[in-house]
Every structure is written in structure tokens, then in C-alpha cells.
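The values are calculated or read from the model by the stated rules, or taken from the named source; none is laboratory data. Here the structure is a predicted model, which is why all the values come from computation and not from measurement. Reconstructed Cβ throughout: ideal geometry from the backbone, glycine too, with neighbour counts over all protein chains shown. Just so you know, the surface numbers come from the protein's heavy atoms only, side chains and all, with ligands and any DNA or RNA stripped out. Shrake-Rupley method; radii C 1.70, N 1.55, O 1.52, S 1.80 Å.
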Amino acid sequence: MLRAVEYGTRRFLGRRGGPLATLAGTLAMLVATSGSVRPAGAGQPAPNAGGSDERALLDQYCVTCHNERLEVAGLALDTVDVTQVAGNPAIWEKVVRKLRAGAMPPAPRPRPDAATYERFTTWLEAELDAAAAAQPDPGRTDTFHRLNRYEYHNVVRDLLGLEVDVRELLPADDGSYGFDNIAGVLGMSPTLLERYLSAAKKISRLAVGRPAPSATAETVRLATDLEQDDLVDGLPFGTRGGTRFDFTFPEDADYAFRVRLGRDSSGTLETFDTPHQLDISLDGEPLTTFVVGEARPEGVERSSPEYAAYLERQRSVDDDWEIRVPVRAGPHTVQATFHQKTTAYPETLRRPFLRPYVSITGGDTRYQPYVASVTVAGPFEGSGGRPVDETPSRRRIFSCHPAQAGPVGRTDAECAREIFTTLATRAYRRPVTERDLDVLLDFYDAGQADGGFEAGIELGLRRLLASPEFLFRVERDPPGLAPGAPYRISDLELASRLSFFLWSSIPDDQLLDAAIAGTLGRPSVLEAQARRMLADPRADALVENFAGQWLYLRNVRTLRPDENLFADFGESLRAAFQRETELFFASVLRDDRSVLELLTADYTFINERLARHYAIPNIYGSHFRRVTLPDATRRGLLGQGSILAATAYPNRTSPVLRGKWVLENLLGTPPPLPPPDVPSLEETTADGTPLSMREAMEQHRANPVCASCHRLMDPPGFALEQFDAIGRYRTRNESNAPIDASGVLPDGTAFDGAAGLRDALLGRPDLFVTTLTEKLMTYALGRGVEFHDAPTIRAITRGATADDYRFSSLILGVINSQPFQMRKTRPSN
């Protein structure tokens, strides 16, 4: 990591090697004081104690497979002392997880009666919880935790009041344990550091509003399968199609707006014999109107030069669709949309698709023009060095102006010190030191000498955005503690953990002030701050970032089902899938409802396109609204198209993917990885007769190598066979036979269909709540949950029971837990 920083700083500095050399030095100091992080290991098995009821139970039901000779699942329970549970918590926590899921002993092997099963499991948990209380082990988070791409976007937004598209600036991050904020995989390579340095340069210039060295162009492209025949949510009534987006203009200058119409896959624009008006506006103020379409010439042969000229005019009508206008610096909203025309569908031999097709062979199915892209280019003929208008980012940065000095007057350097003191305190998430300011002010001096006060502020801001203190959350071990000793993290570190958990961003002033004052660690203050932050719009990060990964919502926008089988699936439905689940999750979170409603809710959020897909009548318009579901078919997450489509293949359903999703994300019992060279699924018989999915899976499961895992995964997947690969409800399968959606959970609970599976899950609500708590804990800590975290997770789940499993009870339970508020020092070896 240090080598990457040194490499990048040299490239970034050029001839100014002095100030940024501290970037490498700072990180070197951090590495030297923190050391490396090693995972905790399990203790060695103790001798067999024997003689107890628990030992007899293990010998009767478990040791046949889990012995020193076979070690099935890596467990040898014949050599471990059951009377010394505290000596082997890693082993016994693995046992508890299997028992709570009802997965062991596996069918058809005998198992103890329910009372004995529950008594042993409860006893084992009590022993583990008592051992954890006697010797707390909060685990150890990584010393360095780099901001991921999503956090970087939010931090820039909250620090500078600036929205930037970080997807254009930074690559996607690696993930682990289901999330991309895991510290252990968020490394820093020389190439990535170069990207951060480049991003800092662009963002600092944009935030300060300094003139750009040259004009640039950014293009917003619309998906070719996006339907544009109706009103788009957020655009004016009486319009159809088009797009609306926010754009930050770097300075007061002229900018060009270019529009390109949609073409077929050969690049040919369809001709239209009636005029269509396209309005371009900025912040709701019209800029211009373009017109496409004209009546076909009458009495003219199609082979004539006159008709060829008509076609040429029509197919190149948008070649000169560009307008240049002066725009003030700062964020603005650009809109491009057509006037709605009361035009009936042209009569065709078949029902029109619910999405457009632009293939050459099938023809362009759009009967009206569509917007393909909008480009914003500039700045041209800028302000020429004159002060730009105040923008949100400039107001956030320039808390002091030398020209606005008081009676005594303040120099440029004094103002620069005030500006960087404020910015660095927020950016570094702690009070700044003189050393911090000296580094930033050295850069300010260099920039000020070349271009004046604002040029100096820009260069200093660029250095701040490239600082290790900004890019990394750092948690140092306090001096004087023994290796592996647990300790309570500082209030400043706690503030960062809290803000990045709930907001995926830096602490605001109120949270940071409480941390600096040393009061944040008080339970009443911490809870008040957490509840305040959950009520803040920035808590939407839990929807976008936590739920987006836990529920696979980030995968929805990449879905491309087979067009031959699902001809109506397009961008409108793809976006509706994702939006429905986001609004649904946000509703449970914001209203602080029981998390069990994620499974049981009799309501959802839909628009007209999604209502048609779900066969729900009387829903019109592109805006989403909450509706009560007509029956139990689609209640909760198990009935939502986003989950069902994200766990299917492009051309068929997959009980394996869906079953794995249920086991991993709802029950917390992920199946093992598949063995190498797994044979593909045979979907037809030898004579080509289609097999139902259950028949195909039963044939596949006949392979002994595959049977053990599919015995667990397939049943919950079969319950969702009532929904096809894009989430449509159905009653017959691929072979046109009635669907058999019955199955049995690992604990022996039988069910039939999605509704039956839902009821089976609710029969053991603690399993789902425990799984959700584990996911929240992983996301909050930025590390995987380990065996020593299990007692804490059980305590959170039990504590939430009395509060009807309200969402806030789980979140506050995580925040108040030892793993969140404590950390272990570096181990000795």
C-alpha cells in the first residue's frame, strides 16, 4: 500500500515534491503503529470427557459422521470435550448453527425428539453465552478501511455539497461476505491511487468553480429497450418519454445541448409522417423545441428523387439538433421530452410489445420517435476569470473571503487556514492538528503563487481529497495494552463507525461535536444520535447500499432475459422491479415496522407497468404508489419480481439459485460451494420431450456428488416455481403439467408454494431475524461475522423479540453491541 502511495504522489506532484511527500510518510507511520491483522483461530480440541447426557446424545446421533476418521463438514465431535464448551467455541458455534437450522442430523437419519433437541441446543447456547460474557471477544477490524466507491460519492456530497458520477472516476470495488465495504478486500494499488488522484483533481476544480482548461462533453444515454410512449415520472404532465437528469456546470459559461433520436440497430432513423415536438428545458425553463416528422409527399413514386430527398431529410433531421446557451455555474436539471400526442396504435397483426425492438430483421416496433441520448458540452466562452456565481459547493468551501474581512481585516493566509481547518475536520473525521494544516497550507501557497487565492484553495483541496486520512478510516491500537486485549474504541472512531453504517458517509457536525466532547459513548447520547440519523434522508444509504447488496438489487439492472421467451421484458420493467423492492424495504425501515413484514406484508409499491406484469388491475401512470395486494401470492420479498428474476437464468427458472438465495439470505445456512466439473442440467429427455424443472432436478440429483447439497437447496427453490424466470405467476411448468411446488425445509417442516414457504419461515422467526442481524453486523463492521460474534447476535435477536422485531431494535442492538463499540489489539503472532 505504501509503495502505491509513493508512486502516485510522485506522479501527482511533479516538481512540487515537498508537500505531498508527507502523504507517503503519513501512511508509513500508520502502518508502523498498527501492524497486521490476523484472523482468530479456534482452540485445540480437549480430551473426551464422556459420561454426560450431552456426550451420550452426541455419540448416539452425531459421532457416526462427525468423528476423527471421517470429519464430515470438518467436525470431529468424538474427540472434543462437551463439558468444556468454553474451550472450543468455534466448534460448538458451528454445531449450534446446524442445530438451529434443523439441518442435523440430516434426513432420513434418526434424530432426538423435539424436546430433547431443543434442550440440548438451548443448553449449548447458554454455555457459549456464559463463556463469552466471562471473556469478551469483540473481534478485530482491519486497521485501514478504505472508502469504497459508493462511500466516496456520499462523502464528496456531504463534504462539498457536490454530486459527482463516481462510476466515471473510480472502478467498482471488490466484495466479500456479500458486501463491498469489507475492509479486508479494499486495498490500494498504484493504478487505483492514480484514479483517486485524478478524481481529486476533477472534483476540486468542479467544487471551487475554477475555469476548465478545455471544453468537455458528457452524454446521458437511454436504454434501447426503454418504452417512451407514456409520461415519465418527474417530467411535466402532457409529455411522454425522454429523460430528466441533474448536471453540475463547472463555471458560468456557454454550454451546448445536443439531442440524438433513437435508431434501429443498423443506425437508421425511422420516418414519421406526423410532426412530433421535443422540448429541451433547463430547471423547467424552455430552451428550444425541435420537430421531427412531416407528411409524406403526395403523388410521388417511392423510387423518385423527391421521395429520396424526403427520406434523407427525415433520417438526418437531428443532425443539427444543438443549442448553445449561457448557464450559471452549479447544479441544474436538464429535461428532454416529447409533447404527448393522442395517437392510437397502428393496426397490426399481433398485440404490440410492451417494450420497443430495434432489430433489422424484425423491424423497428416504435411508432413514435424516442430520445436516444442527450449530450452537454462545454464550457465555451467562460467567465474569463471573473468570480463565478455562488454554488452549493462554493458556499460549503468558502466560509471566509479575504475581500469580506472585518474591521481588523484578514489576510488570504488567515482565510485559507480557516477554510482548511473546517474542511479537514470534517474530511478527516477528527480535530485537525498543526501538522495536518501545514501540509494543506503548503499546497495552498503553491497554488496561490501561480493563480491567486482560489487557485490555492483548489490545490489544497486536491491534496485533502488525496490524503490517507481522507481515503482511509484508521483505527489505531492504544499504547500499553497486551496483545489480543479487548478495548473500547474512541468516541471519534465510534462516530465514524456509526455514520458509515447508517449513512455510508462522514459524521455531520452534530455527531462529530458529540464525539469531540467525549459524550458519544454514553448510551443515551449514542441512541439519540442513532435515532436522529435514521430519520435523516441520508439513511437511504441503508436501502441503496445494504439492501441493494443483501437482496441482489444491484443485479437487477443487468438482467437480460431471453427475448424470444420474454418478449415484453425491457428497461421499464427492469427499473420497476428494482424500485418496488427499494420502496418496500424503505417503508419497513422508515416506519420502524417489524422486520417480519419483509416476509409477510400484504402491500407493495407498483406503477402501471409493474401492475400489468403482476396482473393487478386499475393502476395507471408511471409513478409508484402503495397498494394492498389482492391475495397472498405476492406477499413480502418472496413474491417480488426483483428477487425472482435475479435468481433465475435468462431462459428458465432455477430452483438452485432461488433455493440458495433463501438458505443464504433468509435462513443463514448457505450451502457449500459446488464441486468441480458439475454436469449441466438436462432439460429434455433423450427423444427431446421437455422435462419439468422438478423432473430435471431429480435426474440431476441422482448423481451422489450432487445429492447432498441439492437436498437442501432444491425444496425452497421448488416453492418459487410458481413464478417464471421474470417473476410472472403461473400454474403450469415447461412441460405444460401442473406445477408441484411442495417441499420440506431442513428441519422437516413441509410446505407447498410460496405462501407455504413463507408460513414455514414464520414458524421459526428467530432464524430470519438472526440472519438479518448477521447481515447488518457484517455491513456495520466491514468484516465477516465470526464464531465469537454469535453470542452477541443471539442477544440482539432475543432483545428484539420484546419489541416485535422492529427494525430499529436490530439496528440499535448492533450499535450497542461489543463488536461495534470495541476492538481487540493486534495479536502477538
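Just a few scattered comments:
- Segment T268-S808, length gained on full extension (0.36 nm per residue, minus Cα span): 188.9 nm
- The stretch 774-802 versus the stretch 547-610: alpha-carbon centroid distance in Å: 26
- Surface accessible to a 1.4 Å probe, per residue, for the residues of the stretch 118-223, Å²: 42
- With 0.36 nm allotted per residue and the present C-alpha distance subtracted, the L565-T375 stretch has 64.9 nm of extension available.
- Computing FRET efficiency as 1/(1 + (r/R0)^6) for E168 and T333, where r is the C-beta to C-beta distance and R0 is 25 Å, gives about 0.85.
- On the principal axes of its alpha carbon atoms, the stretch 121-190 extends 54, 27, 23 Å, with the longest extent given first.
- Computed Kirkwood radius, in angstrom, where 1/r is averaged over Cα pairs of the stretch 441-552: 16.8
- Assigned charges on the beta-carbon of Lys, Arg, Asp, Glu; the stretch 72-147 dipole about Cα centre (debye): 360
- Prolate/oblate/rounded label for the stretch 522-664 (Cα gyration tensor, a/c 1.5): prolate
- Amide hydrogen proximity for R366: with H placed 1.01 Å from N in the peptide plane, the residues at 5 or more positions away or on another chain lying under 5 Å are Y357.
- For the stretch 585-633, averaging the sequence separation of C-alpha pairs within contact (under 8 Å, six or more residues apart) and dividing by the residue count gives a relative contact order of 36 percent.
- Other residues lying with their Cβ under 12 Å from the Cβ of L644 contribute a combined charge of +1, Lys and Arg counting +1, Asp and Glu -1.
- Amide H contacts for S505 (H built 1.01 Å from N in the peptide plane; partners 5 or more residues away or on another chain; cut-off under 5 Å): F500.
- Taking amide H as placed 1.01 Å from N in the peptide plane, the amide H of V82 sits under 5 Å from that of A49, G50, each at least 5 places away or on another chain.
- Each Lys or Arg adds one and each Asp or Glu takes one away; over the other residues whose Cβ falls under 13 Å from the Cβ of A719, this sums to -2.
- Measure of compaction for the chain (Cα Rg per 2.2 N^0.38 Å): 1.09
- Heavy-atom accessible surface of the stretch 565-655, averaged per residue, reaches 34 Å², computed with a 1.4 Å probe.
- In nm, spacing of pseudo-spin labels at F245 and R195 (7 Å Cα→C-beta vector): 2.0
- Under the simplified labelling scheme, the V744-L354 pair shows an inter-label distance of 3.8 nm, with each label point 7 Å from Cα along Cα→Cβ.
- Whole-percent carbon and sulfur share, accessible surface of the chain, 1.4 Å: 51
- In order along the stretch 193-205, phi translates into HN-Hα couplings of 4, 4, 5, 5, 5, 5, 5, 4, 5, 5, 5, 5, 5 Hz, rounded to whole numbers, per the Karplus curve 6.51 cos²θ - 1.76 cosθ + 1.60 with θ = phi - 60° and x for Gly and Pro.
- Averaging the sequence gap over all C-alpha pairs within less than 8 Å and six or more residues apart, then dividing by the number of residues, gives the chain a relative contact order of 15 percent.
- Rounded to the nearest 10 Å², the accessible area of M713 at probe 1.4 Å: 20
- Pairwise FRET efficiency - S524 versus E682, Cβ, R0 = 51 Å, nearest 0.05: 0.25
- In nm, spacing of pseudo-spin labels at C65 and Q277 (7 Å Cα→C-beta vector): 7.2
- Rotationally averaged projected area of the stretch 110-247 (alpha carbon convex hull; nm²): 18.7
- For the stretch 216-233, Karplus couplings with θ = phi - 60° (6.51, -1.76, 1.60), whole Hz, Gly/Pro x: 10, 9, 10, 10, 9, 10, 9, 4, 5, 9, 8, 6, 10, 8, 10, 4, 8, 4
- R0 of 41 Å, Cβ-Cβ distance F237-A449: FRET efficiency to nearest 0.05: 0.15
- Structure-based [θ]222 nm, the chain - -39500 (n - 2.57) summed over DSSP H runs of at least 4, per residue, nearest 500: -12500 deg cm²/dmol
- Sparsely packed GluC sites (Glu not before Pro) within the stretch 59-123, loop by DSSP, other Cβ within 10 Å at most 16: E68, E71
- 3J(HN,Hα) couplings calculated from phi for the stretch 100-107 with the Karplus curve 6.51 cos²θ - 1.76 cosθ + 1.60 (θ = phi - 60°) are, in sequence order, 5, 7, x, 7, 10, x, x, 5 Hz; Gly and Pro show x.
- Within the stretch 726-750: backbone nitrogen closer than 13 Å to the A632 label point (7 Å, Cα to C-beta): none
- The charge dipole of the chain, taken about the Cα centre with unit charges on the Cβ atoms of Lys, Arg (+1) and Asp, Glu (-1), comes to about 1220 debye, rounded to the nearest 20.
- All lysines inside 26 Å of K98 as judged from Cα atoms, apart from same-chain residues fewer than 8 positions distant: K660, K775
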